[in-house]
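Right, one structure below, let's go through it.
The values are calculated or read from the model by the stated rules, or taken from the named source; none is laboratory data. Because the structure is predicted, anything quoted here is derived from the model rather than measured. Reconstructed Cβ throughout: ideal geometry from the backbone, glycine too, with neighbour counts over all protein chains shown.
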Amino acid sequence: MKILVTGAAGFIGYHTVNRLLNDGHSVVGIDNLCDPASLTLKNARLSLLGIDPAAVADATPQQSTIGDFRFIKLDILDREAMTELCRQGAFDCIVHLAALAGTKPSQADPVGFFDVNTIGTQNMLEAARQGEVRHFFFSSSYVVHGSHAQSPLKENDDVDTPMSMYAASKRAGELLCYTYASAYKIPVTVFRFFTAYGQWGRPDSKPMRIAHAIAAGEPITLLNDGYLVRDFTYVDDIIDGMAMALSTPPHNAHGAPYALYNIGRSKPVPMLSFIQSIEAAMGKAAIIERDPASPLTKGESVEMYADTGKLESELAYSPVWDYEEAAPMFGRWFIENYNVTFNM
Ligand SMILES: NC(=O)c1ccc[n+]([C@@H]2O[C@H](COP(=O)([O-])OP(=O)(O)OC[C@H]3O[C@@H](n4cnc5c(N)ncnc54)[C@H](O)[C@@H]3O)[C@@H](O)[C@H]2O)c1
């Protein structure tokens, strides 16, 4: 297939492109390389994909040295450019990952988050419509569930009380996806990701912040006196699930070719156990500060993990990575690569 990946220099985008190339697909990746603080990491990912970061120029395609991959520095907010790209590209599928991510940053920049995550998503859906793309994949997030949601979180839970602009912008993206599937019969698959971690992770994600704090000897504050349960999903499981979804576009059900799935490990992990696995791999103890405050104050619940039964039964999703093996792998990668790249 010929596939367009947005957010290709991002954490999940990098792993997605890698997998699609290994599976023999032809891939075009776009990214606007925003946020100067994470540019070194994005450039490192592009280098691994055979792109010379020093030669990247606005709107100029660059051919990879390692496979059938072209990278173009483009902004999804440029609606005309997106439409033109999809009209000319003859893509079978769009994997739309480009976004601004994170609850806390979205509180500081609500307009920016709405623009990129909601308007940007509509730009990509519209480009898909005009380019007659046969399958659109959208990355949503478990944050669409409000703080009072009861785990395990299910696809049909009420998600109409978003607690942050990040959550609202992702929920709006889901609704736009449904509308394009319903009104224009574009098959759309939506995944709600539950905290992904792994090599070349996003610096502001919880696992990366934990590893960073351990390396730097900085304290890690845990609300609810440290008792928190989360669903940490190793990136390889996410990419496997995504590959299955891409090979199985949804059929027309209830008037729209639309399917929405949770993707997580679906094994609740106490936050302290997860931290212990990383500190053991890094050979350094974490400094834990227990705060009795409720996570509800941050728009989160004590326990947040996925019910992935729908993905398992409909797409044969079968995650294999438990945190006991994957978190130490991540900790060792952090020491060998991130510490080196960023001179910590
Ligand atoms: N990583 C997780 O645990 C997680 C959890 C839930 C949802 N998600 C969603 O998955 C997707 C990928 O997440 P990630 O962790 O790889 O994030 P990331 O920040 O590493 O990647 C996103 C990429 O999008 C690019 N981008 C941002 N604005 C853009 C724009 N206007 N035009 C073009 N490119 C733009 C960024 O430069 C970045 O490289 C996002 O949609 C995110 O909301 C991720």
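Of all residues in segment 116-126, those satisfying the criterion of being touching a Phe, Trp or Tyr at 6+ places or on another chain (Cβ under 9 Å) and either closer than 15 Å to residue 97 by Cα or outside the structural domain of residue 182 (by TED's automatic domain parsing) (or both) are 117, 121, 122, 124, 125. Could you list, in sequence order, the residues of segment 202-257 that are in contact with a Ser or Thr (Cβ under 7 Å, 6 or more places away or on another chain) and in a strand (DSSP E or B)? Those that are in contact with a Ser or Thr (Cβ under 7 Å, 6 or more places away or on another chain) and in a strand (DSSP E or B): 230, 233, 256.
For segment 55-65, filtered to residues that are of a type outside the set (Asp, Glu) and within 13 Å of the ligand (Cβ to nearest atom), the residue that is surrounded by the fewest Cβ atoms within 10 Å (Cβ to Cβ) is 59. Against the conditions (1) crowded, with 18+ Cβ neighbours inside 10 Å; (2) at pLDDT below 95, where does residue 38 fall short? Just the number, please. Single failed check for residue 38: (1). Only a single item in (1) closer than 18 Å to residue 147 by Cβ; (2) surrounded by 18 or more Cβ atoms within 10 Å (Cβ to Cβ) is not met by residue 302, and it is number (2).
Table: residues versus (1) at pLDDT 95 or above; (2) outside any helix (DSSP H, G or I); (3) within 12 Å of the ligand (Cβ to nearest atom).
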{"residue": "107", "(1), (2), (3)": "no, no, no"}
{"residue": "115", "(1), (2), (3)": "yes, no, yes"}
{"residue": "120", "(1), (2), (3)": "yes, no, yes"}
{"residue": "132", "(1), (2), (3)": "yes, yes, no"}
{"residue": "136", "(1), (2), (3)": "yes, yes, no"}
{"residue": "143", "(1), (2), (3)": "no, no, yes"}
{"residue": "148", "(1), (2), (3)": "no, yes, no"}
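Counting the residues of segment 80-105 that are under 19 Å from residue 191 (Cα atoms) and at pLDDT 95 or above gives 10. Each residue in segment 11-43 was checked for being over 18 Å from residue 94 (Cβ atoms), away from the ligand (no atom under 12 Å from the Cβ) and touching a Phe, Trp or Tyr at 6+ places or on another chain (Cβ under 8 Å), and 1 pass.
Going by what's in this entry, would residue 89 be described as within 9 Å of the ligand (Cβ to nearest atom) and touching a residue at least 12 places away in the same chain (Cβ under 8 Å)?
No.
Could you please let me know if residue 235 is in contact (Cβ under 8 Å) with a residue 40 or more places away in the chain and β-branched (Val, Ile, Thr)? For residue 235, the condition - in contact (Cβ under 8 Å) with a residue 40 or more places away in the chain and β-branched (Val, Ile, Thr) - is met. Filtering segment 167-189 to residues that are under 22 Å from residue 242 (Cα atoms), part of a helix (DSSP H, G or I) and under 21 Å from the mean Cα position of the chain (by Cα) leaves 167, 169, 170, 171, 172, 173, 174, 175, 176, 177, 178. Test residue 49 against the criterion of being farther than 25 Å from residue 192 by Cα and in contact with a Leu (Cβ under 9 Å, 6 or more places away or on another chain), and give yes or no. The answer is yes for residue 49.
Looking only at segment 65-81, filter to residues that are among the β-branched types (Val, Ile, Thr) and in a loop (DSSP other than H, G, I, E, B); which one of those is farthest from the chain's Cα centre (by Cα)?
Result: 65.
Can we say residue 215 is crowded, with 24+ Cβ neighbours inside 10 Å and not assigned by TED's automatic domain parsing to the domain that holds residue 23? It is false that residue 215 is crowded, with 24+ Cβ neighbours inside 10 Å and not assigned by TED's automatic domain parsing to the domain that holds residue 23.
With respect to the conditions (1) out of contact with any strand residue (DSSP E or B) (no Cβ under 6 Å at 6 or more places or on another chain); (2) more than 16 Å from the ligand (Cβ to nearest atom); (3) in contact (Cβ under 8 Å) with a residue 40 or more places away in the chain, residue 182 falls short on a single one, namely (1).
Taken together, 52, 68 contain a single residue that is in the same structural domain as residue 179 (by TED's automatic domain parsing), acidic (Asp, Glu), more than 16 Å from the ligand (Cβ to nearest atom) and under 23 Å from residue 244 (Cα atoms), which is 68.
Annotation note: Cβ proximity below 6 Å between a residue of segment 8-19 that is modelled with pLDDT of 95 or more and a residue that is near the ligand (Cβ under 7 Å from one of its atoms) and in a helix (DSSP H, G or I) (sequence gap 6+ or interchain) occurs for 9/42.
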